[in-house]
Amino acid sequence: MGRLGLLVVVCVVGSSFASPLTAAAQSDACAPAAVVAGDPELVTIVQQRLLDRGVAERAPDRCPGVVATVLARPEGILVERLEPSGRRDVRVVSSVEMAATLIESWAEHDLLEPILGLPFSPHAPSAPTPATPSEVSAGAEDVIEPPSSPPGGVAPSDEAASSSTLMRISLEGGVALASDGSLWAVPAVRWCLGLGPICVGAAVRGQLDLRATGRSQDLDTTRLGFDATLTAEVPLRLGALALSPGVGLGAGWLRYEGGEDDTGVFVEQDRGDLRIDAFLRAYWTLSAPVGLAFSLDAGIAPLSGSDVIDEGVVLAAPPVFQLSLGVGLFFEVLN
């Protein structure tokens, strides 16, 4: 019985050492690995940073690996992983270097788990579902329970991972310098609806000649009107900033009037014209969904330009060209 008991003790002790030694040997044969999904530009940069640090793009069979998602957000870069337990870890960092460092730490931690006697899955987990804005606001250090995933654990596409404009409305005030030297006040209301990468909408602008300079001051002409255009723009997002070049096509209406005090003759006329615009807008998110809107517009009215003579009174015609600057507030909904 004494020899049998000693044999049992030796077997138990030996098995207790065999498990970590086997895991350590397996870990020595593996290298840190991470699969990165999300915004294509961010994925390319972060993946290259990881490769430079010796973190492979994919783990071999029977080796642990990390699957992480990186998404551009106004507050920084969202980095997310799905743990083998099914829990989701969401962080927000300020740079691609910090994102790569975080993913590298996850990969190295998972590589050490077998040595510590913790279980790991021999196959990489399916790509995590991106966190919703409400989950991100819960805090950078929070670990959030994932929602129920569809059958098959299909990874989100890059298009779904990227934020795009669903709707935007802006109110702006601005000034414009016209080709006849006149200065104008140009308040504007703009809106657009996202259709894929393009935002299609309309703009309505008021037109008030300040009569401070140019042809209208020389001829003592009052000019007042508005224009309306259909617009198409392409928002390009850079964190909290979106640059949006575009074009517009529409029509304008202008009333211009004047007269000679010594004769008592007073003349007024109305005129419509074609309007063609090219513009660049910038949207800076202050606190989603509200931010500052800036605009630079170049507009052409190709049928204008000739002064009008009516009953001996010369009136300044609508200008052919206007260059305007505007600033205001916008409200935006992202999908």
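The values are calculated or read from the model by the stated rules, or taken from the named source; none is laboratory data. What you are looking at is a predicted structure, and each value in this text was computed from that prediction instead of being measured. For neighbour counting, all protein chains shown are included, and Cβ atoms are generated from backbone atoms with ideal geometry for every residue, glycine included.
Among the residues of region 184-205, those identified as of a type outside the set (A, V, I, L, M) and not in a strand (DSSP E or B) are P187, G196, P197. Out of all the residues in region 206-242, which are at pLDDT below 95, in a strand (DSSP E or B) and either among the hydrophobic types (A, V, I, L, M, F, W, C) or not assigned by TED's automatic domain parsing to the domain that holds G196 (or both)? Passing the criteria: L208, L224, F226, L236, L238, L241, A242.
Among the residues that make up region 268-285, is at least one of them under 18 Å from A298 (Cβ atoms) and loosely packed, with under 14 Cβ neighbours inside 10 Å?
Initially, region 268-285 is screened for residues under 18 Å from A298 (Cβ atoms), giving 273-282.
Those left that are additionally loosely packed, with under 14 Cβ neighbours inside 10 Å: 278.
Yes - at least one qualifying residue is present in region 268-285.
Checking each residue in region 277-335 for being without any contact (Cβ under 8 Å) to a residue 60 or more places away in the chain, in a loop (DSSP other than H, G, I, E, B) and either under 21 Å from the mean Cα position of the chain (by Cα) or not assigned by TED's automatic domain parsing to the domain that holds A178 (or both) picks out only P289.
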